[in-house]
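*Asks:* Take this structure, written in structure tokens, and hold onto it; I'll ask about it next.
The values are calculated or read from the model by the stated rules, or taken from the named source; none is laboratory data. Worth saying up front: this structure is predicted, and the values here are computed from it rather than measured. For neighbour counting, all protein chains shown are included, and Cβ atoms are generated from backbone atoms with ideal geometry for every residue, glycine included.
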């Protein structure tokens, strides 16, 4: 799509895309095929949890995230690094790299993923705040819980903001 790596550096095909706004994400995905879009907040959380009910798909203990999430572990002074996609352990659905980067969702900031009727999308086209999910790599396990949500302006760009497109399936 003509994007470069985060912050203007050379493009890396197997690195996550960062420094992208909600507007950029939505516009770019709309240029793709009709069955690719940003996930709803409910879809994102369902994919992240992968059938679990614990704070992280890896379990109740933050130590279970070692090797599964690119986050700062409290007992380590190691700073998370930019990894090639797929180096970390996948969740039970086979999804990689869910925790440690904020990913835009389709939803406007509202009541939350579990309180929306129908398909779970809370959409207000001109909303001044949009939802990000996935946690922050530099903040540690508490900021990367499956249920944690962030609200940011849709034109915001940061090295922590990226996207995870979803696609429809045919039963």
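*Asks:* Any residue in region 14-40 that's assigned to a loop (DSSP other than H, G, I, E, B): show its pairings with residues that are at pLDDT 85 or above and surrounded by fewer than 12 Cβ atoms within 10 Å (Cβ to Cβ) at Cβ separation under 6 Å, as long as the two are six or more apart or on different chains.
*Replies:* Cβ pairs passing all conditions: 21/155.
*Asks:* So in region 129-149, with the set limited to residues that are surrounded by fewer than 22 Cβ atoms within 10 Å (Cβ to Cβ) and touching a helix residue (DSSP H, G or I) at 6+ places or on another chain (Cβ under 9 Å), which one is nearest to residue 57 (Cα to Cα)?
*Replies:* If we take residues in region 129-149 being surrounded by fewer than 22 Cβ atoms within 10 Å (Cβ to Cβ) and touching a helix residue (DSSP H, G or I) at 6+ places or on another chain (Cβ under 9 Å), then 147 is nearest to residue 57 (Cα to Cα).
The rows are residues; the columns are (1) within 16 Å of the chain's Cα centre (by Cα); (2) at pLDDT 85 or above; (3) surrounded by 13 or more Cβ atoms within 10 Å (Cβ to Cβ).
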{"site": "56", "(1), (2), (3)": "yes, yes, yes"}
{"site": "66", "(1), (2), (3)": "no, yes, yes"}
{"site": "72", "(1), (2), (3)": "no, no, yes"}
{"site": "88", "(1), (2), (3)": "yes, yes, yes"}
{"site": "97", "(1), (2), (3)": "yes, yes, yes"}
